[in-house]
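Undergrad: There's a structure below that I have some questions on.
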């Protein structure tokens, strides 16, 4: 009964630790910074939209994230995380239709997330090109930054809200309009309208050799994935907690096995041994020392009291 109580206590302690970890994993998600990039007619006749998300330091990792994209956009072009090695790695996700939206649901071990998709809501009427964009977030945003790329060959660009004067990026010779719009509360929509004049249907990327997310090379090799996992374990508090709980559970399990084994061994030692039998199967008669009369123990050759050699059985 004692060993059963010990095992029960070990299991209760392990369950308490796992329960505490599960509650910690339910911490709320806060976006420290969202950089919303809108690039119309970049490398497709549609609008390339890029989310660059940085989670706040008080968001517990790994965290489950849900992001909306228009249902008309279909599946995202890319869903990735930026790891500690500075590289971007593709990550698995689930796409859930919800009204006019598609929800991208993923679990990230990293605080930096990058999502790309193509928005088909670009209207062309002669030389007038126009776009209406809406963001609805399910998490509070501490800093919303919007970046609009002016298509190559476009003119008379109008953006609402106002993002300031456009500046040329020397890396691709394209004009970018950038503004930090501050905080955005959960569930509050951000709307942007854009229109410009453009005489042809040329794409901005036709004369440059840059991928949509060209700032960070993608890597999916086994070595880089292993390195990413190791770095995440070393620097991620959530993974440290998981490893500690697994180790604690393993120690408790081994302790329970050791106690159970010790209990069984002790019971085995206490079992009475069979009485020594003679070669013909008959019980051997007791022997006594011829000198002092002490009863001998089966297997003894000399008397344990006086040392006299005992008679053979």
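Please treat every number below as a calculation from the coordinates, not as lab data. Note that the structure is a prediction, hence the values are computed from the model and not measured. Reconstructed Cβ throughout: ideal geometry from the backbone, glycine too, with neighbour counts over all protein chains shown.
Undergrad: Please work out the ratio of the alpha-carbon Rg of the stretch 48-112 to 2.2 N^0.38 Å and round it to two decimals.
TA: That works out to 1.14 for the stretch 48-112.
Undergrad: Just want the ordering: 133, 162, 176, from fewest to most Cβ atoms lying within 10 Å of their own Cβ.
TA: Sorted ascending by nearby Cβ count, the order is 162, 176, 133.
Undergrad: Distance from the Cα centre of the stretch 77-108 to that of the stretch 155-178, in angstrom?
TA: That distance is 28 Å.
Undergrad: For the pair residue 130 and residue 290, how long in nm is the line joining their label points, each one 7 Å along Cα→Cβ?
TA: 12.8
Undergrad: Within 10 Å of each residue's Cβ, count the other Cβ atoms and sort 112, 41, 100 from fewest upward.
TA: Fewest-to-most Cβ neighbours within 10 Å comes out as 100, 112, 41.
Undergrad: Sticking with the crude label model, points 7 Å out along Cα→Cβ, report the distance from residue 312 to residue 43 in nm, one decimal please.
TA: Going from the residue 312 label point to the residue 43 one covers 9.8 nm.
Undergrad: Pop the C-beta distance of residue 203 and residue 60 into the FRET formula with R0 = 51 Å and round what comes out to the nearest 0.05.
TA: So, using R0 = 51 Å, E works out to roughly 0.75.
Undergrad: When the label point is put 7 Å from the Cα of residue 33 along its Cα-to-beta-carbon vector, which residues of the stretch 57-87 have a backbone N closer than 13 Å?
TA: Zone members listed by number: 57.
Undergrad: Quote to one decimal, in nm, the extra length available between residue 173 and residue 155 on full extension: 0.36 nm per residue of separation minus the C-alpha distance between them.
TA: 5.0 nm
Undergrad: Then there's this: Could you give the length gained by full extension between residue 162 and residue 189, i.e. 0.36 nm per residue of separation minus their alpha carbon distance, to one decimal place?
TA: 8.1 nm
Undergrad: Provide the descending list of Cα extents for the stretch 31-236 along its principal axes, expressed in whole angstroms.
TA: Computed over the stretch 31-236, the largest-to-smallest principal extents equal 54, 37, 31 Å.
Undergrad: If each residue's Cβ is checked for other Cβ atoms within 10 Å, how do 107, 94 rank with the fewest at the top?
TA: By the 10 Å Cβ count, ascending: 94, 107.
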